[in-house]
Amino acid sequence: MAADSSFDIVSKLDRQEVDNAVNQAAKEVANRFDFRNVDAGIKWSGESIEIQANTEERANAVLDVLKDKLVKRGISLKAIEAGEPKLSGKVHKLGVTLKEGIAQEDAKKISKIIRDEGPKGVKAQIQGDELRVSSKKKDDLQEIIALLKGKDLSVALQFVNYR
């Protein structure tokens, strides 16, 4: 009897790519004419990214530059969560947090989608902050990947360990 084929559904970030995107955004903000004399900047603040500018609009414009750089580096915008610009002294600061791992509720939603809409005989197990999907047929697994890519989920998904 053949063993089951499987793959894992994860939500992870390539930290180096995020760091590169932040550095590129910082360079662009430093060099762009519309960001001159507005105290605009972007930097790491522990595990999150901090954006600052002298107005809310400029802070949001810096966020747009960061989003553009993340997309160009292949990082999904679903993996970041930006707050609202808050006045801190003379500058507006905006915090951007990075989301990794699949939350329990999201994992249950994905598992339900696989059960309800996927081919019969496909099993999905929640393992911490990831899901393992297994089936006897590899074609069923490819069908599940296509199904999940077509759904508008609130989390960025990657499919790894396909065997």
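No value in this document is a laboratory result; all are computed from the given coordinates. If you're wondering where the values come from, they're calculated on a predicted model, not measured in any experiment. Heads up, the Cβs are rebuilt from the backbone with ideal geometry, glycines too, and the neighbour counts pull from every protein chain shown.
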Taking a point 7 angstrom from the Cα of Ser88 along the C-beta vector, which residues in the stretch 50-65 have backbone N less than 15 Å away? 50-56, 59-60, 63
In debye to the nearest 20, how big a dipole does the chain give about its Cα centre with +1 on each Lys and Arg Cβ and -1 on each Asp and Glu Cβ? 280
Go through 149-161, 122-134 and give me the packing order, highest mean Cβ count within 10 Å leading. 122-134, 149-161
Here are some pairs, Lys67/Lys93; Lys99/Lys120; Lys69/Lys93; Lys108/Lys137; Lys86/Lys151; Lys12/Lys149; which of them have Cα atoms lying more than 26 Å apart in this structure? Lys99/Lys120; Lys86/Lys151
Roughly how compact is the chain, stated as its Cα Rg over 2.2 N^0.38 Å to two decimals? 1.31
Farthest positive-ward along the chain dipole, Cα basis, beta-carbon charges - from Gln52, Ala107, Leu141: Leu141
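How much space per residue, in cubic angstrom, does the convex hull of the C-alpha atoms of the stretch 15-98 take up?
Values: hull volume 6.5 nm³, N = 84.
Dividing the Cα hull volume of the stretch 15-98 by its residue count gives 78 Å³.
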